[in-house]
Number of protein chains: 2
Amino acid sequence: MISLDKAIRIVEQSVTALNSEERVSLSESLNRVLRHDVVSDINMPPFRKTAVDGYACRAADLDNPLTVIEVIAAGTTPQKTIAQGTCSKIMTGAPIPNGADCVIPVEDTELLSDGTIRFKGSKPKSNICELGEDIKIGESPLSKGTLIKPQHIAIMAALGCHSPIVSVRPRVSILPTGDELVEPTEIPQGSKIRNSNGHQLIAQVISAGAIPMYHGIVGDTEEVTEKAIARALAESDVVVLTGGVSMGDFDYVPRIMERLGVKILFDSIAVQPGKPTTFGVAGNKLIFGLPGNPVSSFVQFELLVKPALLMMMQCNEPYARTYKLPLAIDYSRKRAERLGLFPVIVNDKGEVEPLEFHGSAHIFSLAKATGIAAIPLGVKELKKGELLDVRPI
Amino acid sequence: MISLDKAIRIVEQSVTALNSEERVSLSESLNRVLRHDVVSDINMPPFRKTAVDGYACRAADLDNPLTVIEVIAAGTTPQKTIAQGTCSKIMTGAPIPNGADCVIPVEDTELLSDGTIRFKGSKPKSNICELGEDIKIGESPLSKGTLIKPQHIAIMAALGCHSPIVSVRPRVSILPTGDELVEPTEIPQGSKIRNSNGHQLIAQVISAGAIPMYHGIVGDTEEVTEKAIARALAESDVVVLTGGVSMGDFDYVPRIMERLGVKILFDSIAVQPGKPTTFGVAGNKLIFGLPGNPVSSFVQFELLVKPALLMMMQCNEPYARTYKLPLAIDYSRKRAERLGLFPVIVNDKGEVEPLEFHGSAHIFSLAKATGIAAIPLGVKELKKGELLDVRPI
């Protein structure tokens, strides 16, 4: 049994980045990993421009009425120079005319009966955006490895990066194992249960930006299992098994993995839920054996598999964000030899409220959970107000 | 100018939920809004089962060696009853045999030379999951209105909800306006700039689970603009314009909206960035006029448009989660007549670090931001350690 930190480091060291990349459109690039720095081909703003609708003029003239000599729309070029006692009406985003050193907002002005305008505000700001104040030609505001979100698409669009190059998505084989499983379309009889892990994993793989390859339920014979894993290793970059990975008699998966040339790097983690988690490598392929219980499978995917997928895509932030938030109540547990992870809600006051949790088979505990909180190895009791690491889910 | 809270309430009261729904597969249901309560057709666990690999026996017998009388795999039915001095080897998830009241984990046992096994642990737990302890027939762990995430898919799969009914996705027309705009494929000349808002909005609409309908750049003439808005209103559920919504001479959009039967409900919000934000309704269609600056457009979409889209889909949590996190440094601003929103990074200590921010045109400030923090209306200064509301982005 190794610590979660150790397990995470082992997975990290085992990842081989995928070399392939592809060119996509801006909207297709959403949630993909950028493969090159985005370099600006322009200054932004590309010219001195006004930040407000108003009148471009000289700050020294503000005590006197001003004669409007031109109207400057966004997208046009000013024709006239501002001299003493004059101004140009100007729209947000339009270039500043020569001679002007400030723009007074339209709401701080009044139109006098002779057609001149007068400043009625106080302490004017310049309201001018200087050329290149946000970015200069050749600068790179967006780095290789960025997981692309809508705000990054705005940056790419602004800088002319209209068909970005992104990493290909890893293919992930999903193999739920166990004779006790039936698919959700069936009503489980006798000692059967429905396969929930397989479908949860498909969704987790999609959410991680990778491509799920669902192999269906793999029955509990050594031959069937070996064949399924061999095929999965041949067809995909990552293989995820659930069930069949702990110490029971029928849990021959570790044995098969060794026969298939899979080097097992760990088979148990000091974390609850999720202790019987197996990890191995076969060449540059990764293989995860996740526990059969759906909460364990969910949590271990988030902790280990998702970061591995993001690293294969060369993402520079492969680990999920966590927040340090205060407990709403005292919290205790009976045993402390593993890192504990449990479902919580963050309430309106920003405090962490533990949810009812029967253990790793209790998937309903995740129905309303907004986060998974961690109680460190060795810690049995926490008082109200103490800070916990919370991972939003 | 109204407060952001008031603006949010007005949008909320203007939303008409979309009636249409559709049946999808489990994996297609990811990020969609569930339209019905999911009711359990089974007890879970559906039988008394073991939580661990080990030996099912009587707690009273643990001081003595136990004779193994059967091996019970997951998915099979026990044939024998546990009597004094006997046990059955049992795999995780398998049914508990009659007569047993606990399962001792395999790692807490040793095999003696005569083939019996001996408990070598201390203080045994039962390790039995009772029938229906997680959920009972007819209970509903997952409510109508849930935004479906991977963990919810596990619940649906477990309960046999294999083709859930979800809300249809709203169609959102996107109309960037302004003669100064060119598309990202062009190099902007003179006083032109590239259209970044339009592409950012497409990605935001996709991220909100709705369908973007991109209309291209709308030029600055009243006729062209009116035609484009009329078409957008006819074809979609929500219309989002950017640019052309403030007080300049060429900003005739509010006038057109009125002509098209759009009732304007507000045209300015006490928030920075994003003050010149317009909102109106035409029948059950919503129309948003967002500011032309990309940071304002981004923020106002997240604050107003995204919740509206989620409410149209009858999502029961339409508002983004925020966290109350401490400031890493003292923070101040010059004016406090608007709610201030600014890009931040949450550092490793869980503290909020403001990023360089030149204002609403400064999209590069969002490149590395992990959140948007709020400084309340009327507040100019905050000290290190004071809690801020932070919205992850």
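The table below lists the values:
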{"quantity": "Between 0 and 90°, nearest 10: helix A:197-207 axis offset from chain A longest Cα axis", "calculated": "20"}
{"quantity": "Reachable aspartates and glutamates from B:LYS227, criterion Cα separation under 13 angstrom, eight or more residues apart if same chain", "calculated": "B:GLU235"}
{"quantity": "GNM result for chain B, Cα springs below 10 Å: residue of B:ILE82, B:ILE153, B:ILE363 fluctuating most strongly", "calculated": "B:ILE82"}
{"quantity": "For the stretch B:167-245 and the stretch A:76-145, distance of Cα centres in Å", "calculated": "25"}
{"quantity": "For chain A, alpha-carbon Rg relative to the globular expectation (2.2 N^0.38 Å, N residues)", "calculated": "1.41"}
{"quantity": "Magnitude of the charge dipole, chain B, Cβ model with Lys/Arg +1 and Asp/Glu -1, debye to 20", "calculated": "440"}
{"quantity": "Dipole magnitude of the stretch A:245-393 about its Cα centre (Cβ charges: Lys, Arg +1; Asp, Glu -1), debye to nearest 20", "calculated": "180"}
{"quantity": "Computed [θ] at 222 nm, helices only, for chain B once each DSSP H run of length n ≥ 4 contributes -39500 (n - 2.57)", "calculated": "-5000 deg cm²/dmol"}
{"quantity": "Efficiency of FRET from Cβ geometry, A:ILE345 and B:GLU133, R₀ 25 Å, rounded to 0.05", "calculated": "0.75"}
{"quantity": "Fewest-first ranking of B:PHE47, A:PHE119, using other Cβ atoms within 10 Å as the exposure measure", "calculated": "B:PHE47, A:PHE119"}
{"quantity": "Rotational relation A to B, axis-closest Cβ in chain A, residue and distance rounded to whole Å", "calculated": "A:TYR323, 3"}
{"quantity": "Cα-based equivalent ellipsoid of the stretch B:231-386: semi-axis lengths in Å, sorted from largest, via gyration tensor", "calculated": "32, 18, 13"}
{"quantity": "Cross-link partners of A:LYS120 among lysines (Cα-Cα below 27 Å; sequence separation of 8 or more within a chain)", "calculated": "A:LYS49, A:LYS80, A:LYS89, B:LYS275, B:LYS334, B:LYS380"}
{"quantity": "Degrees between helix B:4-14 axis and first principal axis of chain B (Cα, 0 to 90, nearest 10)", "calculated": "80"}
{"quantity": "For the protein assembly as shown, Kirkwood radius (reciprocal of mean inverse C-alpha pair distance, Å)", "calculated": "29.0"}
{"quantity": "Fraction of the pair-distance distribution of the stretch B:49-129 above 19 Å, Cα-Cα pairs, percent", "calculated": "23"}
{"quantity": "Hits among lysines - C-alpha to C-alpha of A:LYS263 under 16 Å, sequence gap 8 or more where chains match", "calculated": "A:LYS285"}
{"quantity": "GNM result for chain B, Cα springs below 10 Å: residue of B:THR67, B:THR322, B:THR277 fluctuating most strongly", "calculated": "B:THR67"}
{"quantity": "Fluctuation leader among A:PRO212, A:PRO318, A:PRO184 - chain A, Gaussian network, Cα springs under 10 angstrom", "calculated": "A:PRO184"}
{"quantity": "Cysteines without a disulfide-compatible neighbour (Cβ-Cβ under 4.7 Å), the protein assembly as shown", "calculated": "A:CYS102, A:CYS129, A:CYS161, A:CYS315, B:CYS102, B:CYS129, B:CYS161, B:CYS315"}
{"quantity": "At 7 Å out from Cα toward Cβ: B:ILE187 inter-copy label distances (nm, ascending)", "calculated": "7.0"}
{"quantity": "Cα long-axis angle, helix B:222-235 against chain B (0 to 90 degrees, to the nearest 10)", "calculated": "20"}
{"quantity": "Linear extension gain, B:SER3 paired with B:GLU235, 0.36 nm per residue minus alpha-carbon span", "calculated": "80.4 nm"}
{"quantity": "Length-normalised contact order for chain A - Cα pairs under 8 Å, 6+ apart - percent", "calculated": "16"}
{"quantity": "Per-copy distances of the B:ASN284 label point, shortest first, in nm (7 angstrom along Cα→Cβ)", "calculated": "5.3"}
{"quantity": "Positive-end residue, chain B charge dipole about Cα centroid, Cβ charges, pick of B:GLN300, B:ALA154, B:PRO376", "calculated": "B:PRO376"}
{"quantity": "Selection from B:ALA208, B:VAL166, B:GLY219 lying farthest towards where the dipole of the stretch B:144-229 points positive, charges on Cβ", "calculated": "B:VAL166"}
{"quantity": "Computed Rg/Rh of the stretch B:93-190, alpha carbon atoms with Kirkwood Rh", "calculated": "1.40"}
{"quantity": "Measure of compaction for the stretch A:169-323 (Cα Rg per 2.2 N^0.38 Å)", "calculated": "0.98"}
{"quantity": "Quarter of Cα convex hull surface for the stretch A:1-98, i.e. mean projection, nm²", "calculated": "12.8"}
{"quantity": "Cβ charges +1 (Lys, Arg) and -1 (Asp, Glu), total dipole of the stretch A:49-129, debye", "calculated": "180"}
{"quantity": "For the stretch A:323-392, average projected area of the Cα convex hull in nm²", "calculated": "4.3"}
{"quantity": "Other-chain or far-sequence residues with amide H under 5 Å of A:LEU142's (modelled H)", "calculated": "A:VAL38"}
{"quantity": "Inter-copy spacing of B:ALA17 label points, which lie 7 Å from Cα along Cα→Cβ, given in nm from shortest upward", "calculated": "4.8"}
{"quantity": "D (Stokes-Einstein, µm²/s), Kirkwood Cα radius, the stretch A:200-280, 1.567 mPa s at 4 °C", "calculated": "95"}
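No value in this document is a laboratory result; all are computed from the given coordinates. Because the structure is predicted, anything quoted here is derived from the model rather than measured. Cβ atoms come from the backbone with ideal geometry, glycine included; neighbour counts cover every protein chain shown.
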